Structures are given as C-alpha cells and as structure tokens.
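The block underneath contains the structure these notes are about, expressed in structure tokens.
The values are calculated or read from the model by the stated rules, or taken from the named source; none is laboratory data. Because the structure is a prediction, the values reported are computed rather than measured. Using ideal geometry, Cβ is built from the backbone for each residue, glycine included, and neighbour counts are taken over all protein chains shown.
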C-alpha cells in the first residue's frame, strides 16, 4: 500500500534499528545556511527560527535524532556527570552534528550517522546535549571512532559555535559546555533520550 502522507520527522521516523551505535539523523541545517532552520513540532515542516546572528554559521550538518527527547533521564545524567544542578532537559529532540567530507547542499533529509562523542551543554540551566557523529561510510571521517580522534581545533570550532550562536554582543551567554565526552557516554545519552521519548510520547 502506497503511503499518502509524509512521516513527521520527529515522531514518524525510527532512530535506527542499530541505535545507539548507528542512528538516523534528520538534518535541519547545512553549513551554507544563513538562517537558522528548525522543525516545527506541530506540523513537522522546517521553519525559519531566525537569521543567523552576525557571521556565526553552523560548521557541520546539524539536526536531531528522531524519537528522542531531552527530559528527566537526560537531565539526571547531565547532573551526575557535571556535578551541577540540572533541573530538566530542554524539551527538544536530541541534537546531533554530523561530519562529512562531501558537500550536502540542503537540509530536510535523513542519513545514517555513527556517534563518536558529544558536548554536555547547559542552556539556561537545562540539559541540551549535542551528539557528535560521522556520516556512515564517509571516506574520510569514518576513520574517527571516538571524539578523541578529532583534532582539538575541530572540536574548538564546534564549541565556539554552540557557545555563541545565541549570543548578542550586549548580552551574557546563557550556554555552558561542561565537558566533551566520548563514544560510550554519547551512547548513554542517546539511550536515555530514547527512554525519555517513550515515557513522554509512548
């Protein structure tokens, strides 16, 4: 039977049969985008959230893992690992940055990604982890199996983006990266985000 509707990118697409080792990533933005796109949670369509501030451009493919949710279990893990008070998750799907040697010209696509680490980020005190992954089968980046394989300059570029992409010159930044973690912790965060999704959405 032919489907007559488009699956909702957050609720209607599987996170992947091999998650957390290999996940499906829904890509909202690519490095050439000059506005910030994100999924409208009600309709599933991409919407323009805002123009990018100043010259701050996302350095990788960027989106989220379907059927994940940053809520209690993600927040509890962030609190445990950071030894800071984390009241809640940010209430969004789990964000993912995907490294690829090849140019991808637009978002609104899905791709298989291999998580290798992540950032433990707090945004206004809420857990807002960013998973770092490589596109499955990428000729160059597939040699990176853990975030420790990445050059520090690459990680610093990603950190700079997430610490400044909401930041106006006359405002204090509301984001804090407490740590950069490796593949095993990334897998734990993904599993917890999948569990949070099941508890909230079934």
- Message: If I filter the stretch 121-142 down to residues being touching a helix residue (DSSP H, G or I) at 6+ places or on another chain (Cβ under 9 Å) and more than 20 Å from residue 175 (Cβ to Cβ), which single residue comes out as surrounded by the fewest Cβ atoms within 10 Å (Cβ to Cβ)?
- Response: 136
- Name the residues in the stretch 54-79 that are more than 16 Å from the chain's Cα centre (by Cα) and surrounded by 14 or more Cβ atoms within 10 Å (Cβ to Cβ), would you? 56, 72, 73, 76, 77, 79
- Message: Against the condition at pLDDT 95 or above and surrounded by 15 or more Cβ atoms within 10 Å (Cβ to Cβ), how does residue 187 come out, does it pass?
- Response: yes
- Query: Restricting attention to the stretch 162-174, does a residue exist that is surrounded by 15 or more Cβ atoms within 10 Å (Cβ to Cβ), within 13 Å of the chain's Cα centre (by Cα), part of a helix (DSSP H, G or I) and at pLDDT below 95?
  - Reply: yes
- Among the candidates 51, 15, 112, 31, which residue alone is surrounded by fewer than 23 Cβ atoms within 10 Å (Cβ to Cβ) and in contact (Cβ under 8 Å) with a residue 40 or more places away in the chain? 112
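Rundown of residues vs (1) over 30 Å from residue 145 (Cβ atoms); (2) modelled with pLDDT under 95, yes/no style:
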| site | (1), (2) |
| --- | --- |
| 6 | yes, yes |
| 12 | yes, no |
| 18 | no, no |
| 21 | no, no |
| 24 | no, no |
| 28 | no, no |
| 55 | yes, yes |
- Output the residues belonging to the stretch 80-109 that are farther than 20 Å from residue 29 by Cβ, out of contact with any helix residue (DSSP H, G or I) (no Cβ under 7 Å at 6 or more places or on another chain) and surrounded by 15 or more Cβ atoms within 10 Å (Cβ to Cβ). 81, 82
- So, in the stretch 83-101, of the ones that are within 19 Å of the chain's Cα centre (by Cα) and not in a strand (DSSP E or B), which residue ends up farthest from residue 69 (Cα to Cα)? 101
- Item | Selection within the stretch 120-149 - closer than 21 Å to residue 190 by Cα and without any contact (Cβ under 8 Å) to a residue 40 or more places away in the chain | 130, 134, 137, 142, 145, 146, 147, 148, 149
- Checking 156, 145 in turn, the sole residue that is outside any strand (DSSP E or B), in contact with a strand residue (DSSP E or B) (Cβ under 9 Å, 6 or more places away or on another chain) and surrounded by fewer than 16 Cβ atoms within 10 Å (Cβ to Cβ) turns out to be 145
